[in-house]
Amino acid sequence: MLESGKALPSATRIGAAVESSPNQPGNKRCQRDTGIRLCDTMLRHRKRLYRRNAMQTTPSCRKPSHRFRCARWFAVAAGLVGLIASCSGQKSEQKNGDEGAAKSAAGPTTTLVLWEQDADIKDTFAAVIKTFETANPGIKIKSSNYANEDLRTQFQTAAIAGGGPDMVWGPTDIAGPFSIAGIIQPVGSWIKPGDFSALALQAVTDGSGVIWGVPVSTGNHLMLLSNKKLVAEPPKTLEALVAVAKSQSDPAANKYGFAYNLNEPFWFVTFLGGHGERVLSGTAPTLSTPAMSSALSLVKKLKFDDKIVPPDCDYDCADTLFKEGNVGMIINGDWSLPVYQKALGDDLVISPLPQIEATGKYMSPMVSGKCLFVNKKVKGARLDAVKKFVLHMVSTETQRQMVKRTKRLPSLKALQDSAVVNADPLLAASARALVHGQPMPMAVELRVVWDAIRPQLQEVMAGRADPGTVGAAMQKNAETKIKEMKQ
């Protein structure tokens, strides 16, 4: 049992605690007790202790700055959760046995569980799953949708306790935390890494070259989107964009020529990239730099001096203005293309992010994609079934179908310059927008960096902080949180 105020164990001890969990095969703790009634008593008692200690010692997992500390804490708690799971498992043995007998009578069937966070493409999921099940009658796929943060936290909690789904479909930035927590398994030994886009594969490959996820799409990148009715020719430089947006802006009438998610770091780092800087060098934050000061000064100028963006504009603000034809240009990602195509039709124009004339460099979006991750617990024949499904998802034919339906770029190199991409104006334009992209690092430190940038960016965009000084605060915050995360 964890005691309030005690230091967390080292990484070595954490691993030992997980491996010695009473939930491991062959452990007879519950079986040695006097039956289900005693196990029920233990279960209730342990749950009370678990909740009490969670309130005392658990970092707030709802706060972005604590997400990685949660992975550490949950790993320490795995031994306790495993005891609860072993007692609960005794009650379910007979039920599982009955279900297994019924299945064997009708022929062996393996049901794989998939958790995903892409509700917008649920029909595509259903179609590719049906195709797979038809070709593999002994395997069924049960898919459940979760909101993005729920997917992260619930999978992490369940998997550390020895449960959770067989597979997770999600963005590549979960690869770092999940691999550190030891709840997903490497996949490089049974896929062909050379078949995949380098940008997509780098986002799930750690510093030691271990591949933790199977890329299914490439992208998740930001680009310049414009409405042809309002902007005849998309600007190629930021300075030209400002000029066009000024001609369409009238702050007194609440009219603006340009919009984007002002306070979100994922959008801001495109401007930082246009000044030749990244937020990480390896796993070390690089936030207190002249480039950071210049990029912050630039975005502040767009709002307060040029007055071309709506004040306090967030994602929904920019999205709504663009769909309704009330702003001519926005920055948004490839996931939004089907929605904007439906709203604007042939008036939707996709372009790479513009060049910043003052630096001679292009604004640079982070590039990753969506991947399939495999639960660490999956072994044997069940893992063989998982491999079949994953390889089906990255087969040439499945990739073609998904590209057509989702308007997302394929993960396979062989299809990236193929007719399925080049014949579609939206996909071809999305591919061109990748040219100046930067691979999203597979580092748990990246999420710490986002949380260090966000409050200082908000202060700058509210006019309360000096762009020239907040980089030092970002750097200090990031270094402190990373140090805490590793303790």
Exercise for the section: Go through the residues of the range 200-209 one by one and say whether even a single one is assigned to a helix (DSSP H, G or I), in contact (Cβ under 8 Å) with a residue 60 or more places away in the chain and over 16 Å from VAL394 (Cα atoms). Expected result: yes
Practice task
Could you please let me know if GLY194 is part of a loop (DSSP other than H, G, I, E, B), under 30 Å from ASP384 (Cα atoms) and under 27 Å from the mean Cα position of the chain (by Cα)?
Solution key: no
Practice task
Go through the range 381-487 and tell me which helices (runs of 4 or more DSSP H), entirely inside it, have 1 or more residues that are among the acidic types (Asp, Glu) and over 30 Å from ILE180 (Cα atoms).
Solution key: 396-406, 445-461
Fill in the blank from the handout: Just one listed residue, out of VAL309, VAL299, is part of a helix (DSSP H, G or I) and β-branched (Val, Ile, Thr), and it is VAL299
Practice task
Tell me which of these ASN375 doesn't satisfy, since it passes every other one: (1) closer than 30 Å to VAL242 by Cα; (2) out of contact with any Leu (no Cβ under 8 Å at 6 or more places or on another chain).
Solution key: (1)
Completion exercise
Looking across the range 351-371 at residues that are crowded, with 23+ Cβ neighbours inside 10 Å and among the hydrophobic types (A, V, I, L, M, F, W, C), the single one that is farthest from ILE141 (Cα to Cα) is MET363
Completion exercise
Considering the range 141-167, residues that are within 13 Å of the chain's Cα centre (by Cα) and aliphatic (A, V, I, L, M), and then whichever is surrounded by the fewest Cβ atoms within 10 Å (Cβ to Cβ), we arrive at ALA147
Practice task
State whether the residues of the range 315-328 include one that is in contact (Cβ under 8 Å) with a residue 60 or more places away in the chain, buried (at least 19 other Cβ atoms within 10 Å of the Cβ) and closer than 27 Å to ALA127 by Cα.
Solution key: no
Practice task
Show the residue pairs that are 6+ apart or on different chains and have beta-carbon atoms under 7 Å apart, the first residue being within the range 412-425 and surrounded by 15 or more Cβ atoms within 10 Å (Cβ to Cβ), the second being hydrophobic (A, V, I, L, M, F, W, C) and part of a strand (DSSP E or B).
Solution key: LEU412/PHE196; LYS413/PHE196; GLN416/LEU409; VAL421/LEU409
Exercise for the section: Within the range 312-330, track down each residue that is under 28 Å from the mean Cα position of the chain (by Cα) and either β-branched (Val, Ile, Thr) or assigned to a helix (DSSP H, G or I) (or both). Expected result: TYR315, ASP316, CYS317, ALA318, ASP319, THR320, LEU321, PHE322, LYS323, ILE330
Problem - Exclusive hit being surrounded by fewer than 16 Cβ atoms within 10 Å (Cβ to Cβ) and touching a residue at least 12 places away in the same chain (Cβ under 8 Å), set GLY176, GLY138, GLY170 - result: GLY138
Handout entry: Residues satisfying the stated conditions in the range 419-444, i.e. small (Gly, Ala, Ser) and touching a Lys or Arg at 6+ places or on another chain (Cβ under 8 Å)
Key = SER430
Fill in the blank from the handout: The residue from SER249, SER288, SER293 that alone is surrounded by 16 or more Cβ atoms within 10 Å (Cβ to Cβ), free of Cβ contacts under 8 Å to residues at least 60 places away in the same chain and either closer than 19 Å to LEU353 by Cβ or over 25 Å from the mean Cα position of the chain (by Cα) (or both) is SER249
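Since every read-out is calculated from the coordinates, none of them should be taken as a lab result. Keep in mind it's a predicted model, so treat the numbers as computed, not measured. Please note: Cβ atoms are built from the backbone with ideal geometry, for glycine as well, and neighbour counts cover all protein chains shown.
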